[in-house]
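Below is one structure, written out as structure tokens; the observations come after it.
The values are calculated or read from the model by the stated rules, or taken from the named source; none is laboratory data. Keep in mind that what you see is a predicted model, and the values were worked out from it rather than measured. Here Cβ is always computed from backbone atoms with ideal geometry, including for glycine, and neighbour counts include all displayed protein chains.
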Amino acid sequence: MSKPRQCLLPILALAAAAAATAQDKRPVAFTNARLVTIAGPTIEGGTLVVRDGKIVAVGKDATVPAGARVVDATGKTIMPGLVDAHSSAGLQQEQRPGPIERTGRRGRGRSQFVPRSSGGNAKNAAATRVVDGLYARQKVFGELLDAGITSLALTPPGSAFPGLGAVLAPDGKTLAGLTADPEAFVQIRMERDAQTKKLLKENFEKAQKLVEERKKPAEKPAEKPADKPAEKPTEKPANEPPKPEPTPDPKPEPEPKPQPTPPKPEAEKAPPSAAPKPRGGARKDPNLEVLADLLEGKRRALLQIDSAADLVHWQATVPESTKFPRAVVVTNHNPYEGTFDMVVDQIRQLECTVLLPTSMTTKGRSRSLVHPAKTLHDAGLEVGFVLPEGSHGADNLFYALMELVRCGLPADVALRGVTLVPAKALGIDASVGSLEVGKDANLILLSGDPLSPASAIESVWFHGRAVERQNP
């Protein structure tokens, strides 16, 4: 190959890369789509325009900008990406699901319950960040994005105060790219064992005292007494002559005798093992500092309570006056310890959103299938959902939502419960959870209605870029 041709190849490669970059920066317009906006009414035959990773136009009459890449979505549905508010993805090796036990009425599956812990993992590690122990390059994050999960809350394991949870962006290839917020919320988990209840009660009391100390004004240093003005010398008459001072006779001074130095008293001697005092006063407990920030409203919490019995014990352990921004998360509804439809009045006192599992369950000691979501919704409470754990559970999410709708839950409430409601619980609803101008262009494009058994995910878009799906 000639030298001129060899020099030309890198130039052509750079030109092709520049052209590809220019193509990526073009706005994208989805036309003729059914837009499930979540925050407002569904738009039939609408247009959604994306530029620089953000939604810039959405509506029936939205204009397609010049030079935009047009995606014809005739007959298809676009909805916002899913938000998983409680996940342990990447913290432990994912287990493949075994055969489903077919029980309950008409052969439908009954939820499986995780054994209750004995409280040995109860701790106050509220300042420990779960993301610090995470390995980013794991296949599971790509699988979750493949299933339409575009925002993910990683929760630390354990009861009482296991640590600070993080919000993840599942497309990241490095820890920095994966982590959207390393300190998104304080994880709190209620267990009914004595150790957990003691930790909850004592640490909330200490944190409340710390809040009261913060409100006290800082002590001012003691003021030094003002120096007395020097006395002025007595003025002498101007005409009086100065008197001569008498000159004393010089006397020989005796030589001083050396005297032994008296020993220091024992009280003045420093003990040989005395440690230096820490500068700046007593050392602060970072775990209590986090809890004090929580009580002051500077942080939010996810409070995990898995049964009606746990809720009763929580209210008996933590005073009602202990209020903080929170959402209640139920990961495993155990009917033998009471489902949440039995404690509607107690939940209303918490004044917060409730995130429930999507799976149906049975009433205790019966075969009657039930799901508390409709009962709580009918009572005026905001209800969302915890997505099934792992990528395999996420694949079956829409089927689980169909089951809830068949049991009477409104369809818009079901879809809102996996998008905007968990986004509010995590405090990220300003950027994700609905199709609105200014929000991130995290989208799911489906072949039909999300709650139709004939519909399937065709593509996932993250910040306006099409995701290369692993399992299309």
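For Leu401, the conditions (1) farther than 20 Å from Asn334 by Cα; (2) buried (at least 18 other Cβ atoms within 10 Å of the Cβ); (3) at pLDDT 90 or above all hold with the exception of (1).
Which members of region 161-181 meet the condition of being touching a residue at least 12 places away in the same chain (Cβ under 8 Å), out of contact with any Gly (no Cβ under 9 Å at 6 or more places or on another chain) and at negative phi? First the steps, then the outcome.
Of the residues in region 161-181, the ones touching a residue at least 12 places away in the same chain (Cβ under 8 Å) are 161-175, 177-181.
When the remaining residues are screened for being out of contact with any Gly (no Cβ under 9 Å at 6 or more places or on another chain), the result is 161-166, 172-175, 177.
The answer is Phe161, Pro162, Leu164, Gly165, Ala166, Gly172, Lys173, Thr174, Leu175, Gly177.
Take Asp412 and tell me if it is more than 24 Å from Ile188 (Cβ to Cβ) and surrounded by 19 or more Cβ atoms within 10 Å (Cβ to Cβ). When the stated conditions are applied, Asp412 does not pass them.
When you look at Thr339, is it out of contact with any Phe, Trp or Tyr (no Cβ under 8 Å at 6 or more places or on another chain), without any contact (Cβ under 8 Å) to a residue 40 or more places away in the chain and of a type outside the set (D, E, K, R), yes or no?
Numbers: out of contact with any Phe, Trp or Tyr (no Cβ under 8 Å at 6 or more places or on another chain): yes; without any contact (Cβ under 8 Å) to a residue 40 or more places away in the chain: yes; of a type outside the set (D, E, K, R): yes.
Yes; evaluated as a whole, the condition is true for this residue.
Working only within region 62-91, note down all residues that are assigned to a loop (DSSP other than H, G, I, E, B) and either within 15 Å of Thr37 (Cα to Cα) or among the hydrophobic types (A, V, I, L, M, F, W, C) (or both). Listed by number, the residues that qualify are Ala62, Val64, Ala66, Ala68, Ala73, Lys76, Gly81, Leu91.
Among the residues of region 314-346, those identified as more than 23 Å from Ser368 (Cα to Cα) and either crowded, with 19+ Cβ neighbours inside 10 Å or among the hydrophobic types (A, V, I, L, M, F, W, C) (or both) are Trp314, Ala316, Val318, Phe324, Arg326, Ala327, Val328, Val329.
Just to be sure, is Leu451 assigned to a loop (DSSP other than H, G, I, E, B), outside the structural domain of Glu320 (by TED's automatic domain parsing) and more than 27 Å from the chain's Cα centre (by Cα)?
Working: assigned to a loop (DSSP other than H, G, I, E, B): yes; outside the structural domain of Glu320 (by TED's automatic domain parsing): yes; more than 27 Å from the chain's Cα centre (by Cα): yes.
Judged against the criteria, Leu451 is a match.
So which of Pro271, Pro263, Pro254 is modelled with pLDDT under 50 and either more than 29 Å from Ala126 (Cα to Cα) or not in a loop (DSSP other than H, G, I, E, B) (or both)?
Every option except Pro271 fails the conditions.
Among the residues of region 125-174 satisfying the criterion of being touching an Asp or Glu at 6+ places or on another chain (Cβ under 8 Å) and assigned to a loop (DSSP other than H, G, I, E, B), which is nearest to Arg469 (Cα to Cα)? Only one residue tops the list, namely Ala147.
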